[in-house]
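Reviewing the structure listed below.
The values are calculated or read from the model by the stated rules, or taken from the named source; none is laboratory data. The structure presented is a predicted model; accordingly, all values stated were derived computationally and were not measured. Because the Cβ atoms are built from the backbone with ideal geometry, glycine has one as well, and the counts that use them run over all protein chains shown.
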Amino acid sequence: MTEDNRLTTTRRQALLLMGAAGVTTLVPSLSGLGAAHAQEAPKGQIVLGFSQEPTVFNPHLPHIEVDEGIHYAIFDPLFDVAPDGSFFPLLATEVPTVENGGISADGLNWKITLRDDVKWHDGTPFTAEDVKFTLELLLDPDFRSWRKTGHEHVRNLTVVSPTEITWTMDKPFAPYAAILASTFIVPKHAFEGVADKNEAPFNNAPIGTGAFKWKERVAGDHIELEANADYFGDGPYLERLVVKYIPDLTVLYTQFKTGDIDVVGLQWITPDHYEEARTLADRVVEVVGTATFESLTFNMQRPQFQDLKVRQALYHALDKQAIIDALYYGVPTPTETYMPKESFYFNADLPKHEYDPEKAKALLDEAGWVPGDDGIRVKDGVRLAFTNSTTAGNHLREQAQQFFQQSFKDIGVEMTISNLPPAVMWGDYWMLSQFDSVVVGLNTLTGPDPDTSDFFLSTSSPATGGSGQNTWVYNNPEVDALLKQGGELVAPEERRPVYLKIQEIMRADLPFLPIFQYATIPGWKVGVEGKTPNINNRIDTWNVRSWRWV
């Protein structure tokens, strides 16, 4: 992937993102989207391999990236984000801006005009009532919403007509355009008469407006989607999309190599197979930058992790570069932050990680953690011991865990490996912070926007009754205040110092140990067209409507 294709949040692109805050700018649409219908009939199928199993099909319940692999096929947002960071319309006729009258100059009044030719998969017309229902569902106190951030500022939602909806914001919130771009619209009628929306039949048989319709799920094996012949936009070009679940990454690669899989998705081709993969006949294999970072994450509710010196010591005990070189063949880049280096908001001045086991021991000594009879340190009756979990079958992470385990043992810390199947690992165990520590890859941004309220705001932790993805149960009042400030600022130059400071605090607090920024290795058969990397979206299928065989 060339540098031009990566996210480089220039002033121009950042201003596009700030349409939500009253900046006057036009946002281009993607060529072809919004056309009447595809001229060619859908043909053939693509088998897409994922190493994790999608299990959450209501896009507004708590979920992880792999679930969005299905969401993007079945649902549409009002508008989406292109690889260059610009927005393009989907269910809306145009992206609202100050210039086109969709947003007032102060960023408070919004008006969205909707397409009049969209139908739900069951034939029911799509209207503004569905948009109103979706935005209200996310704030329903009885619904386990995956995201309230941004939506809680919406007031006076008004359906003006079937194709027009308006609302006001209680204050300008710069990330809201990016949040809407990742907010899939769901059908109001699918929830009517349902007492508990968390248990609606829709959640296991989703109805969307997207290019593909739900056909069947064989739990633990695959999901089959079929073409939506009535799709309003360009596409779909495939009769079927089969998402196959293969938890063992070596088996996932082998099935790509033998041709059983047409496209390798999450977790892609592992670096140890890259040199061979790039020589395979009739295959396209490339290295693609992403906004995801790998980390060893702590549950900050656990007493042993509430001591900063413990977290600092564990970081000094890790030889990050050795892990990257030995297991990942030097493909990914070490990082000290959650922000991708391609971002305008990336903090390049954070302290560099120092591998120093002796310093790690000294920190633990200073903090009063004394080695016990078995060599494991103890303080106030608490052993410095914890479990570490990740996806069973991810052999690189499993090998990294063994590095961690030995490194920690050398400084008097006991780490027990306890891995789980993906559907269990990333369910309540992760979302409700039932773990001690986890090895995980995360994209904490809101599309191209630097806001991370969903992950770092103290009120965004489901384990403490909040709504969001703060599974660290991280709580820092200064970060809370900075996130609030950053969301209310408009100009990228004004916002940048805020997000640089947040990264500085996170690096000092270490609720997670940042290891590297991802460089993924997707692969597909020659003849598959339309796959386009997009650092602003969390999953490969963001534009699956455009995939085709040629």
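Overview of values
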| quantity | calculated |
| --- | --- |
| Matching residues, segment 532-550, being of a type outside the set (A, V, I, L, M, F, W, C), in a loop (DSSP other than H, G, I, E, B) and farther than 23 Å from L442 by Cβ | none |
| Residue in segment 42-49 that is closer than 24 Å to D116 by Cα, modelled with pLDDT of 50 or more and assigned by TED's automatic domain parsing to the domain that holds W120 present | yes |
| One residue from K361, K341, K352 being outside any loop (DSSP other than H, G, I, E, B) and in the same structural domain as M415 (by TED's automatic domain parsing) | K361 |
| Residue among I70, I103, I74, I64 that alone is on the phi < 0 side of the Ramachandran plot, more than 25 Å from the chain's Cα centre (by Cα) and surrounded by 22 or more Cβ atoms within 10 Å (Cβ to Cβ) | I103 |
| Residue in segment 492-512 that is more than 30 Å from N388 (Cβ to Cβ), aliphatic (A, V, I, L, M) and part of a helix (DSSP H, G or I) present | yes |
| Residue list for segment 515-534, restricted to those being within 27 Å of L396 (Cβ to Cβ) and in contact with a helix residue (DSSP H, G or I) (Cβ under 8 Å, 6 or more places away or on another chain) | I515, F516, I521, P522, G523, K531, T532, P533, N534 |
| Residues satisfying the stated conditions in segment 211-239, i.e. at positive phi and either crowded, with 21+ Cβ neighbours inside 10 Å or assigned by TED's automatic domain parsing to the domain that holds F50 (or both) | G235 |
| Any hit, segment 389-408, residues being within 25 Å of the chain's Cα centre (by Cα), charged (D, E, K, R) and assigned to a helix (DSSP H, G or I) | yes |
| Residue list for segment 69-100, filter: out of contact with any strand residue (DSSP E or B) (no Cβ under 7 Å at 6 or more places or on another chain) and modelled with pLDDT under 95 | P83, D84, G85, S86, V98, E99, N100 |
| Residue in segment 159-166 that is at pLDDT 95 or above, assigned to a loop (DSSP other than H, G, I, E, B) and surrounded by 17 or more Cβ atoms within 10 Å (Cβ to Cβ) present | yes |
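Residues are listed down the side, and each one gets a yes or a no for (1) assigned to a strand (DSSP E or B); (2) under 30 Å from E286 (Cβ atoms); (3) more than 26 Å from the chain's Cα centre (by Cα):
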{"residue": "K148", "(1), (2), (3)": "no, no, no"}
{"residue": "P172", "(1), (2), (3)": "no, no, no"}
{"residue": "V194", "(1), (2), (3)": "no, no, yes"}
{"residue": "N198", "(1), (2), (3)": "no, no, no"}
{"residue": "K213", "(1), (2), (3)": "yes, no, no"}
{"residue": "E216", "(1), (2), (3)": "yes, no, no"}
{"residue": "A229", "(1), (2), (3)": "no, no, yes"}
{"residue": "L241", "(1), (2), (3)": "yes, yes, no"}
{"residue": "Y253", "(1), (2), (3)": "no, yes, no"}
